[in-house]
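The values are calculated or read from the model by the stated rules, or taken from the named source; none is laboratory data. Everything numeric in this text was worked out from a predicted model, so none of it was measured. FYI the Cβ positions are ideal-geometry reconstructions off the backbone, even for glycines, and counts take in every protein chain you see. For the accessible areas, the whole protein counts, side chains as well, though only heavy atoms, and no ligand, DNA or RNA atoms are used. Shrake-Rupley method; radii C 1.70, N 1.55, O 1.52, S 1.80 Å.
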Amino acid sequence: MGYEKFNILKSTTVPLSIENVDTDQIIPARFLKATERIGFGENLFRDWRYNADNSIKKEFVLNNDTYNGKILLGGKNFGSGSSREHAAWAIYDYGFRCVISSFFADIFRGNCLNIGVLPVQVSSEFLNKIFECVFKNPKTELVVDLNTQKVNIPCLGISESFDINEYKKENMLNGYDDIDFLTNMKDTISEFAKNTPL
Amino acid sequence: MSKTLFDKVWDSHVVHEITNGPDVLFIDRHMVHEVTSPVAFLGLKNRNSEVLFPEKTFATADHNTPTINQHLPVKDPLSANQLKALEENSKLHGISYWGLGHEKNGIVHVVGPEYGITQPGATIVCGDSHTSTHGAFGAVAFGIGTSEVEMVLSTQCIMQPKPKKMRISINGKLSKGVTPKDVALFIISELSTSGATGYFVEYSGEVFREMSMEGRMTVCNLSIEMGARGGMIAPDNKTFEYIKNREFTPKKEKWEKAMKYWSTLYSDENAIFDKELFFDGNNIQPMITYGTNPGMGISISKGIPKAENQDGGVKTYLKSLNYMNYNEGESMLGKKIDFVFLGSCTNGRIEDFREFTKIVKGRKKACNVTAWLVPGSHKVEKAIKDEGLLKVLEQAGFELREPGCSACLAMNDDKVPAGKYAVSTSNRNFEGRQGPGSRTLLASPLVAAAAAITGEITDPRTLY
Ligand code: SF4
């Protein structure tokens, strides 16, 4: 499934200043019953967004009109837990294109990169600065530049670099995915398979 | 050059190395289940692609299945639809499929080893994070996302950067009442849920050498809960004994040949790890969690830690205690509980049922406790009956359910109601993991059994 190319993203943010946000919160298991990739955004953070009777939890940040944008800010160790790609789908489907945190869980990070959500890991100091700015002024825009691998807080005039491996970067800039790459290697793979011991 | 066990397995599966990019890794065994595979099969269809090696993929239905009346049609239409999709996709692509009611059906990480699909030195993936379980056999096994499930189906490879390597060595002897689950919960409480992120872990030392294969599976299963991609233990005679003569393990000359390869699978003496940790097995006590991530665990007789002593944010910590309705400093012993769940790919194997039964034998289940005893597979279910455990359990007031993931993720009807407490032998105590508003305390089968009998958190060693 293709995704939007990612180049430079200038956007306001939604600040979720909680640590260890796990994939069961991002999308609870009971919403994993679909056989197609549709409608996951509606259930993003379902149990934090809605009460059991489906009424809205006003205090949750996604329900607060003050904050919106294509960037989700999360506390340390974002996305721990299950391998469900549905978590990344829900984030994408809701409209986010980038998650910024000071630390990501491995599988979640990989899933994001595979479906076109850019996980941006910054230092905890820088993350705190972003949170502060956004809480002070919800209209604060960030600039995430994949080309130069920098996040910029224009109102403070500061920026920080982030890591991404070259290959994944190329993919995201062009909207490619790994399957295209692997499909072109099928002959080599079949050759390799002949010599595997198991 | 000296290599770690992990290096040996990983390196020998690299089809292609991309400079500044991931490795193209060949996958020997691929397990699929109904929840994370439908979109992958759909992707295959949209790309007009086929499954490259159908004989290397195995499908079982487990996550989204009822644990009673499995012979009847599945009531929930969405679940039924997902199960049907797996069956149809498996048939269409010639993948072996162990659906509901099939004698080999069970939780993906329980049946893999039972039928010898899991083998030392193999690369094994599944769209489920607890695929790390298979590392107990010296395999490199880890969970993948749905895009990657599609990659494996269509090309038998995935693209992954090679993780760093960590070794956790525990020597000494475990005292009575201390199980592999406690060892794992202890390690996670020391490392936190992100302490091994970016690493692949090898467990070594006397404690793991002495451990049964079931116990090793429990430990490797929980590797993901400290953030590790996976965990593994070098295969030894115990491993070979376990897998010998299972349906999918090699036979005769092929076995001899495989044994030659398997006997090379250990970390060389001078192999270098990016990180090494050491713990003393003598100090580990029965554990229990009190919060909303598996790192929030303590020795059962200790008090709930103070917020100020937490490395993570105080705010997050207090939010978690608030969710559990617990306070700093309180003792866990004596806390009332409502549910007990024995099962999951962490502790749903025969050994776990044996341990549980030991405690409840000759006693009665507390009236205020609802207990779900869910075997990990039909094979486990059969053993429970054949070994006479079922009788003992029934005499103590317990019932046995049919196999599946059940309350581990509560996708089916096995949901703990909001606000209720469940002592669970599964692997995650996240908010709402066992049903919206549910409160989970992770523990060993022994602690679960003790709680089921007394209706409150009890040190199982007092019931021996
Ligand atoms: S038992 Fe739980 S952790 Fe294991 S495979 Fe099933 S849902 Fe995943």
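Placing +1 on the Cβ of every Lys and Arg and -1 on the Cβ of every Asp and Glu, with no other charges, gives the protein assembly as shown a dipole of roughly 1040 debye about its Cα centre. Its convex hull of Cα atoms gives the range B:329-392 a direction-averaged projected area, equal to a quarter of the hull surface, of 5.3 nm².
When every alpha-carbon pair in chain A is counted, what percent end up more than 25 Å apart? Tail fraction, whole percent: 39. Accessible surface computed residue by residue for chain A, with neighbouring protein chains in place and a 1.4 Å probe, gives 41 Å² per residue. Taking every C-alpha pair closer than 8 Å and separated by at least 6 residues, the mean separation divided by the residue count of the range A:8-195 gives a relative contact order of 22 percent. If you take the Cα centroid of the range A:79-149 and the Cα centroid of the range B:1-69, the two points sit 26 Å apart. With each label modelled as a point 7 angstrom along the Cα→C-beta vector, the B:Lys164-B:Lys238 pair spans 2.9 nm. Helix A:106-115 and the longest principal axis of the C-alpha atoms of chain A enclose an angle of approximately 80°.
Taking the Cα centre of the range B:302-463 as origin, sum charge times position over the Cβ atoms of Lys and Arg (+1) and Asp and Glu (-1), and report the length of that vector in debye to the nearest 20.
Working: 24 positive and 19 negative charges, 36 e Å.
Its charge dipole is roughly 180 debye.
Shown for the range A:64-90: residues covered by the partner protein chains by 10 Å² or more of accessible area relative to the chain by itself (probe radius 1.4 Å), namely A:Lys76, A:Asn77, A:Ser80, A:Gly81, A:Ser82, A:Ser83, A:Arg84, A:Glu85, A:His86, A:Trp89. State whether the range B:25-164 is rounded, prolate or oblate according to the following rule on the C-alpha gyration tensor (a ≥ b ≥ c being the square roots of its eigenvalues): a/c under 1.5 gives rounded; otherwise a/b larger than b/c gives prolate, and the remaining case gives oblate. Here the range B:25-164 falls in the oblate category. Leaving ligands and nucleic acids aside, the B/A contact buries around 5100 square angstrom of accessible area in total at a 1.4 Å probe radius.
Heavy-atom surface analysis with a 1.4 Å probe gives the protein assembly as shown a carbon and sulfur content of 49 percent of its accessible area.
For the range B:247-330, what class follows from the C-alpha gyration tensor (a ≥ b ≥ c being the square roots of its eigenvalues): rounded when a/c is under 1.5, otherwise prolate if a/b is larger than b/c, else oblate?
Details: a/c = 3.24, a/b = 2.50, b/c = 1.29.
In terms of gyration-tensor shape, prolate.
Distance between the 7 Å Cα→Cβ label points at B:Val314 and B:Glu387: 4.8 nm. With the Kirkwood sum run over all distinct C-alpha pairs, chain B has a hydrodynamic radius of 22.3 Å. For the range A:180-196, putting each phi into the Karplus relation 6.51 cos²θ - 1.76 cosθ + 1.60 with θ = phi - 60° gives couplings of 4, 4, 5, 4, 6, 9, 3, 5, 4, 5, 4, 4, 4, 4, 4, 9, 7 Hz, in residue order, rounded to whole numbers and with x for Gly and Pro.
About its Cα centre, chain B has a charge dipole of approximately 680 debye under the convention of +1 per Lys or Arg Cβ and -1 per Asp or Glu Cβ, with nothing else charged.
Under a cut-off of 16 Å between alpha-carbon atoms, report the aspartates and glutamates in cross-link reach of B:Lys379, not counting same-chain residues fewer than 8 places apart. Answer for B:Lys379, where 16 Å is the Cα cut-off: B:Asp62, B:Glu103, B:Glu114, B:Glu214, B:Glu247, B:Glu351, B:Asp352, B:Glu387, B:Glu402, listed by chain and number. Computed over neighbours whose Cβ is under 15 Å from that of B:Asn48, the net charge equals 0, Lys and Arg +1, Asp and Glu -1. Taking every alpha-carbon pair under 8 Å whose residues sit at least 6 apart, the range B:302-463 reaches a relative contact order of 28 percent. Taking the Cα centre of chain B as the origin and placing charges on Cβ (Lys, Arg +1; Asp, Glu -1), which of B:Ala452, B:Tyr323, B:Cys126 is farthest toward the positive end of the dipole? Sorting the options by dipole projection puts first B:Ala452. Entry note, chain B: relative contact order of 17 percent, from Cα contacts under 8 Å with a spacing of 6+ residues.
Can you tell me how the protein assembly as shown classifies by the Cα gyration tensor, rounded, prolate or oblate, using a/c under 1.5 as the rounded cut?
Working: a/c = 1.42, a/b = 1.12, b/c = 1.27.
Rounded shape, in that the Cα axes give a/c under 1.5.
Relative to the isolated chain, which residues of the range B:194-216 have their accessible area cut by 40 Å² or more in the presence of all protein chains (1.4 Å probe, heavy atoms, no ligands or nucleic acids)? Flagged in the range B:194-216: B:Ser194, B:Thr197.
Near B:Ala407: Cβ cut-off under 10 Å, other residues only, Lys/Arg at +1 and Asp/Glu at -1. The net charge is +1.
In this model, which of B:Lys75/B:Lys335; B:Lys176/B:Lys254; A:Lys58/B:Lys306; B:Lys238/B:Lys385; B:Lys104/B:Lys252; B:Lys173/B:Lys257 are farther than 32 Å apart at the alpha-carbon?
Details: B:Lys75/B:Lys335 36 Å; B:Lys176/B:Lys254 40 Å; A:Lys58/B:Lys306 30 Å; B:Lys238/B:Lys385 25 Å; B:Lys104/B:Lys252 24 Å; B:Lys173/B:Lys257 35 Å.
As for pairs spanning more than 32 Å Cα to Cα, those are B:Lys75/B:Lys335; B:Lys176/B:Lys254; B:Lys173/B:Lys257.
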